[in-house]
């Protein structure tokens, strides 16, 4: 059997097997909207663990970490820091979100904001911004999926048919099983991904240099200071790393789908427990970096696409079945997050845009039908964008992490600060997003400021917090608490 056939058989087995597993929960029973969107709020530690980790360890963790190590060197190590810091934030934030969600029947991040500030329009604005950042993120997973399968099939399957086949399967199990389907397939993805990155992350340095230490010694000789900041870049120095850690750790759980995932927990202790132990997953991110450093030393000529370092080096020395393992893990690392993004985007549009405007009188049953229908619409839209205009949303994607981080003051202070007001939320959010777009689209990220290179999202977040606090204090009524956050009083 040729390498091409072996690789395709392994990849197909992973993709098809995960799809079948994802379909099972929805085939067993007819799901209500709450069961479909937030797992009926009864996820225990393991299901919640995998649905949370499934959206954290995406194609970026699988391929991006090795690509950054290959191209940038030292700045890559920020990846190890931001997750650990984010779990600290999640320990205090997510249980509160879960309690509020269960008490008030919330299903989306925009539901939370609307309830918090008593403002339907603020909820609609939050939903629209969330959709704007989720769509390019969804397209990214889809494009990465096509590239992975094309590479791992030795070019036998072009990326467009690969995207069509795999994403049709994603849409099928999300349409049928919702969040439960995503959770069970995430368990498969995590096991396969961990096996792949740990094995290759240890084997490749040992194969080429005798040990992991030998690889680092060779790297130090070949590229002195590559592992120090700013590494292979000119601007990603200590100030950039520190400001980026702030942005990514605060913004980590601000992606809209994490609110729904938090609502799925059967009690707050599930989220606290997982916040304590999920940092162990950060150890898995070391291994893709080792692969990237090894690829930098042994691959010639230099790669035009650094994110393909993992795939190319495995393709060079292993038979097809091994490349199929990497390709299968990579495909699942794109498919499972894409499934959650589809679900969250569908719910934001159906519940918080359509449901708060034209569909105000719609029943829960009919809303469920509309939400499932939106899965098909969004799948078609994402496929069309990825195939016909793959670069159209690239600038919006660049703002993604910095953009969603601007939700942090509005949500965190709204939950814990009694003087947070609706006007403060509007003012802070608009100011933050305006600065994010201005700096990033103006190619001023990182921003040079008094000898430092600051992440644009950090600058925007700082302004956002100041504006939010000042406007809230000015608009807060001492006597009545008028327009203040209602949930901070719970």
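At-a-glance table
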{"read-out": "Some residue of region 199-208 being touching a strand residue (DSSP E or B) at 6+ places or on another chain (Cβ under 7 Å) and either buried (at least 19 other Cβ atoms within 10 Å of the Cβ) or under 29 Å from residue 297 (Cβ atoms) (or both)", "value": "no"}
{"read-out": "Any hit, region 35-49, residues being assigned to a helix (DSSP H, G or I) and under 16 Å from the mean Cα position of the chain (by Cα)", "value": "yes"}
{"read-out": "Number of positions in region 52-72 that are modelled with pLDDT of 90 or more and assigned to a helix (DSSP H, G or I)", "value": "6"}
{"read-out": "Check on residue 464, modelled with pLDDT of 90 or more, closer than 27 Å to residue 235 by Cβ and not in a helix (DSSP H, G or I)", "value": "no"}
{"read-out": "Flag if residue 140 is modelled with pLDDT under 85, assigned by TED's automatic domain parsing to the domain that holds residue 347 and under 30 Å from residue 228 (Cα atoms)", "value": "yes"}
{"read-out": "Some residue of region 91-106 being surrounded by fewer than 24 Cβ atoms within 10 Å (Cβ to Cβ), touching a helix residue (DSSP H, G or I) at 6+ places or on another chain (Cβ under 6 Å) and either under 30 Å from residue 239 (Cα atoms) or not assigned by TED's automatic domain parsing to the domain that holds residue 49 (or both)", "value": "yes"}
{"read-out": "Only one of 127, 162 that is in contact with a helix residue (DSSP H, G or I) (Cβ under 6 Å, 6 or more places away or on another chain) and free of Cβ contacts under 8 Å to residues at least 24 places away in the same chain", "value": "162"}
{"read-out": "Conditions (1) modelled with pLDDT of 95 or more; (2) under 30 Å from residue 295 (Cα atoms): number failed by residue 113", "value": "(2)"}
{"read-out": "Qualifying residue in region 121-130 (condition: under 14 Å from the mean Cα position of the chain (by Cα) and farther than 24 Å from residue 273 by Cα)", "value": "yes"}
{"read-out": "All positions within region 196-213 that are touching a residue at least 24 places away in the same chain (Cβ under 8 Å) and under 19 Å from residue 312 (Cα atoms)", "value": "196, 197, 198, 200, 201, 202, 204, 205, 207, 208, 209"}
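Table: residues versus (1) in the same structural domain as residue 120 (by TED's automatic domain parsing); (2) crowded, with 17+ Cβ neighbours inside 10 Å; (3) at pLDDT 95 or above.
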{"position": "410", "(1), (2), (3)": "no, yes, yes"}
{"position": "418", "(1), (2), (3)": "no, no, no"}
{"position": "424", "(1), (2), (3)": "no, yes, yes"}
{"position": "427", "(1), (2), (3)": "no, yes, yes"}
{"position": "431", "(1), (2), (3)": "no, yes, yes"}
{"position": "434", "(1), (2), (3)": "no, no, yes"}
{"position": "439", "(1), (2), (3)": "no, yes, no"}
{"position": "443", "(1), (2), (3)": "no, no, no"}
{"position": "447", "(1), (2), (3)": "no, yes, no"}
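The values are calculated or read from the model by the stated rules, or taken from the named source; none is laboratory data. Please read all numbers here as calculations on a predicted model, not as lab measurements. No Cβ is skipped: glycine too gets one built from the backbone with ideal geometry, and neighbour counts run over all protein chains shown.
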